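The structure under discussion appears below in the form of structure tokens.
Only the coordinates and a few stated rules stand behind these numbers; no lab work does. Note that the structure is a prediction, hence the values are computed from the model and not measured. Here Cβ is always computed from backbone atoms with ideal geometry, including for glycine, and neighbour counts include all displayed protein chains.
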Amino acid sequence: MNKPVKIIIDDHEIEAFAGEKLLWAALDNDIFIPHLCAIREEKRSGASCRLCFVEIEGISQPVTSCTKSVEDGMVVKTRSPRIDRLVKTGFELLLSDHDLKCRECPANRSCALQKIAKERGLKLRQKRFKHIERDYQLDDSPKEFAFNRSRCVLCGQCVWADREEAKIGAIGFTRRGIKRVVTTFEDLPLAESICTECKLCVDACPVGALYYKDLKK
Ligand code: FES
């Protein structure tokens, strides 16, 4: 176990462990930092969602808190005009191709996007970037759950659960840039892939992309 150290986040002195990631130290002390892609068990975060920025005294540029290790005496700010701008832009980009029919979504009221919007006073319906409609086909081939890719935020939580917890490797990322999706080998419906329908991926999804059919509204 690493040694306990003191750091300051938003003027609160907290105890954390040297070397642990700043994001978890903050969250464990009820200090909210937006995040979607970080996984506590992973040593290195891919830092793909670009939402967890903070400022650290002595470092000129904002840093992602999921990749920054705690050091004794660190002074951290989770809010500043620069951070708020970065988070807002990342969030708006993320939502620019997101299916925003929240009322029809099984994750309505438990969705990580709604929580981030509420905590940071951000709008889910943004105007800055042109909205892109996706016409992904719903994969409802599994018995108890379905996958609606138009709600997927590409956080990778499902891919990690499938690989590291279930040890299956049925799903993964494919394609680049705006065409990037989570899918099975050869884009097969889940029920025709090597997926065992263990549902760990469904439990890991922070939005309503992978959802239980009996929760469907
Ligand atoms: Fe840090 Fe996604 S949680 S970049």
Residue (of PHE145, GLY169, VAL182) at the positive-pole extreme of segment 120-217, dipole from beta-carbon charges: VAL182
Student exercise, segment 170-217 dipole from Lys, Arg, Asp, Glu Cβ charges, in Debye to nearest 20: 340 debye
So how compact is the chain: Cα radius of gyration and Dmax in angstrom? 18.3, 53
Positive end of the charge dipole of the chain (Lys, Arg +1 and Asp, Glu -1 on Cβ, about the Cα centre): tell me which of LEU124, VAL159, SER69 has its Cα farthest that way. LEU124
Calculate the dipole size of segment 15-159 relative to its Cα centre from +1 charges on Lys and Arg beta carbons and -1 charges on Asp and Glu beta carbons; express the result in debye to the nearest 20. 740 debye
Taking +1 at the Cβ of each Lys and Arg and -1 at the Cβ of each Asp and Glu, which of ILE33, GLY46, PHE91 sits farthest along the dipole of the chain towards its positive end, judged by Cα position relative to the Cα centre? PHE91
With all pairs of different alpha carbon atoms counted, what Kirkwood hydrodynamic radius in Å does segment 34-140 show? 15.6 Å
Long pairs among LYS123/LYS179; LYS43/LYS199; LYS88/LYS115; LYS88/LYS127; LYS6/LYS77, criterion Cα-Cα beyond 18 Å: LYS123/LYS179; LYS43/LYS199
Stokes-Einstein D for segment 16-93 at 37 °C, 0.692 mPa s, Kirkwood Rh over Cα pairs, in µm²/s? 261 µm²/s
Pairs of Cα atoms under 8 Å, at least six residues apart: use those to get the relative contact order of the chain, whole percent. 18 percent
For a distance above 19 Å, tell me the whole-number percent of Cα pairs in segment 98-217 that qualify. 47 percent
